[in-house]
Amino acid sequence: MTVFPSPSGRVAVAPSVLSADFADLRRSLAPLRRLAGWMHFDVMDGHFVPNLSFGPGLLPAVAKASGLPVDAHLMVERPAMFVEPFAKAGAELITVHAEAAGAAACVAKIRKLGLKAGVSIKPGTPASRLAPFIGKVDLVLIMTVEPGFGGQSFMADMLPKVHEARRMIERRGRPVWLQVDGGINEETAVPCVAAGADSLVMGSALFKAPDPAALLRRMARTL
Ligand code: DX5
Ligand code: ZN
């Protein structure tokens, strides 16, 4: 099993497959292999968010086409139903929302299955909701758009929350990735990293770039 790199002071980009070319996943994902940290796989159930995406059936194709570990970001009302199916499908990290039913039990189950666990909060949820999770997760994800759709504008008013989450992680003294998701591009990445993020989900800005690999190389040099 591929092991997720530990937070190391370096910034890892997680390409969001939601914006990839589904007609040719290999061509879309393979060039990112050496440049990205892992793949971000958005799961939507039409209840927790007003959209549908994909289930565990597609995950092995994403892992194979990218050659990267996959993080399943579960934007679903009942994540407990999906932890095992995603573990079986080969997700190496599973991120659940703190707002969803049974989130803490899901984190415990994910870790018991030997996988990395993440916890996410929506824009309206305060950083304090992360407190019970910080000692138990490998990744904290701060949503920087209302979850549900790619291609939305970055919410700069989430930056203080990113900073607060960074302080919570530092106080705890455990290696935990701090990730942002939504509207991230070369410009919005800068204040996120300054606020303490060390992982950036990138969907539309990455896959719509004329040369996504060149964009990742440039970001690795500048961030
Ligand atoms: C939004 C998803 C994101 C999305 C980001 O609900 O969680 O992962 O793919 O897309 P961009 O980078 O286009 O905002
Ligand atoms: Zn996401």
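Whether any residue in region 75-96 is part of a loop (DSSP other than H, G, I, E, B), at pLDDT 95 or above, within 14 Å of ligand 1 (Cβ to nearest atom) and open to solvent by less than 60 Å² (accessible area, probe 1.4 Å) is what I want to check.
The answer is yes, given that some residue of region 75-96 is part of a loop (DSSP other than H, G, I, E, B), at pLDDT 95 or above, within 14 Å of ligand 1 (Cβ to nearest atom) and open to solvent by less than 60 Å² (accessible area, probe 1.4 Å).
Got a number for residues in region 164-223 being open to solvent by less than 30 Å² (accessible area, probe 1.4 Å), in a helix (DSSP H, G or I), more than 15 Å from ligand 1 (Cβ to nearest atom) and farther than 29 Å from R26 by Cα?
3
When the residues of region 128-163 are narrowed to those that are basic (K, R) and open to solvent by 70 Å² or more (accessible area, probe 1.4 Å), which ends up nearest to ligand 2 (Cβ to nearest atom)?
Initial filter on region 128-163 (basic (K, R)): 129, 136, 161.
Pick out the ones that are also open to solvent by 70 Å² or more (accessible area, probe 1.4 Å) and you get 129, 136.
Values: R129: 18, K136: 20 Å.
This residue is R129.
Does region 112-123 contain any residue that is assigned to a helix (DSSP H, G or I), within 16 Å of the chain's Cα centre (by Cα), modelled with pLDDT of 95 or more and crowded, with 22+ Cβ neighbours inside 10 Å?
No, region 112-123 contains no residue that is assigned to a helix (DSSP H, G or I), within 16 Å of the chain's Cα centre (by Cα), modelled with pLDDT of 95 or more and crowded, with 22+ Cβ neighbours inside 10 Å.
Looking only at residues that are under 28 Å from R78 (Cα atoms) and modelled with pLDDT under 95 in region 1-36, which one is least open to solvent (accessible area, probe 1.4 Å)?
F4
Among G203, G148, G173, G135, which is touching a residue at least 12 places away in the same chain (Cβ under 8 Å) and out of contact with any strand residue (DSSP E or B) (no Cβ under 9 Å at 6 or more places or on another chain)? I'd like the intermediate steps shown before the answer.
Values: G203 fails: out of contact with any strand residue (DSSP E or B) (no Cβ under 9 Å at 6 or more places or on another chain); G148 fails: out of contact with any strand residue (DSSP E or B) (no Cβ under 9 Å at 6 or more places or on another chain); G173 fails: touching a residue at least 12 places away in the same chain (Cβ under 8 Å).
Going through G203, G148, G173, G135 in turn, just one is touching a residue at least 12 places away in the same chain (Cβ under 8 Å) and out of contact with any strand residue (DSSP E or B) (no Cβ under 9 Å at 6 or more places or on another chain): G135.
The values are calculated or read from the model by the stated rules, or taken from the named source; none is laboratory data. This is a predicted model, so every value here is computed, not measured. Here the Cβ is made from the backbone with ideal geometry for all residues, glycine too, and neighbour counts use every protein chain on show. We work out accessible area using only protein heavy atoms, side chains counted, and drop any ligands, DNA or RNA first. Shrake-Rupley method; radii C 1.70, N 1.55, O 1.52, S 1.80 Å.
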